[in-house]
1. So the check is Cβ under 7 Å with 6+ separation or different chains; which pairs have a first residue in the range 59-75 that's exposed (fewer than 11 other Cβ atoms within 10 Å of the Cβ) and a second one that's assigned to a loop (DSSP other than H, G, I, E, B)?
2. Considering only the range 128-153, state which residues are assigned to a loop (DSSP other than H, G, I, E, B) and either closer than 26 Å to Ala46 by Cα or in contact with a helix residue (DSSP H, G or I) (Cβ under 6 Å, 6 or more places away or on another chain) (or both).
3. Do the conditions hold for Arg9, that is, is it out of contact with any strand residue (DSSP E or B) (no Cβ under 6 Å at 6 or more places or on another chain) and modelled with pLDDT of 75 or more?
4. Of (1) surrounded by fewer than 13 Cβ atoms within 10 Å (Cβ to Cβ); (2) at pLDDT below 95, Ala122 satisfies all except one. Which?
5. May I ask you to list the residues in the range 100-127 that are β-branched (Val, Ile, Thr) and either within 11 Å of the chain's Cα centre (by Cα) or part of a strand (DSSP E or B) (or both)?
6. For the range 13-35, which residues satisfy the criterion of being hydroxyl-bearing (Ser, Thr, Tyr) and either at pLDDT 70 or above or in contact with an Asp or Glu (Cβ under 6 Å, 6 or more places away or on another chain) (or both)?
7. Those residues that are part of a loop (DSSP other than H, G, I, E, B), within 19 Å of Gly104 (Cβ to Cβ) and over 15 Å from the mean Cα position of the chain (by Cα), I need them from the range 56-89; list them, please.
Amino acid sequence: MNLLTRFDRFDPFDELSRLRNRMDRVLRNFDTPYEKELLTTEWTPAADVVETKDSIIIKSELPGMTEKDIHVDFENGMLTIKGERKLEEETADKNYRRVERTYGKFIRAFTLPPNIDDKKIAANYTNGLLEIEIPKKEEAKPKAINVEVRKKLNAAA
């Protein structure tokens with residue numbers, strides 16, 4: 001057999017067709033429980049941290065969740081927000097599905113300075129926005145100091 005006849009027998013479309021058939025067989029065995037695991041993953045919600053003279057405010061976007069899905073903890077100077085956004089259950093009347101939103105467990109941790117009052121931390125969840133207010137201790141708040149300006153003394157001649 002010479003080189004030319006070997007190339008005559010090679011059909012790239014036939015090879016692609018065989019590859020596609022093999023991939024179809026693999027994907028046909030792809031069970032729905034695994035599909036659900038692929039759609040759920042760890043994710044990180046967006047958060048803003050703002051410091052004012054009286055407090056530190058953390059705002060985090062958690063759309064589509066309820067208060068029972070969100071847990072806020074403070075321990076050893078670390079504020080932790082964790083929870084889970086669950087994947088909506090499929091119904092039989094829908095036969096096409098495209099999922100672009102992120103689902104699954106999340107955790108965000110923020111190291112807070114020692115000048116905060118941890119006994120007065122308050123959290124509020126409204127319309128998908130979690131807002132946590134962390135007040136500062138009184139001694140940590142900036143204090144204004146009045147400066148007295150004296151008249152300039154005349155120089156002695």
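The values are calculated or read from the model by the stated rules, or taken from the named source; none is laboratory data. Since the model is a prediction, treat every value here as computed from it, not as a measurement. Positions of Cβ are backbone-derived with ideal geometry, glycine not excepted, and every protein chain shown enters the neighbour counts.
1. The qualifying pairs are Pro63/Gly128.
2. The answer is Gly128, and nothing else.
3. No: the conditions fail for Arg9.
4. It fails just one condition, (2).
5. Selection gives Thr102, Ile107, Thr111, Ile116, Thr126.
6. Ser17
7. The answer is Thr66, Leu87, Glu88, Glu89.
Table: residues versus (1) modelled with pLDDT of 90 or more; (2) under 30 Å from Val72 (Cα atoms).
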position	(1), (2)
Leu87	no, yes
Arg97	no, no
Gly104	no, yes
Gly128	yes, yes
Glu133	yes, yes
Ala144	no, no
Glu148	no, no
Ala156	no, no
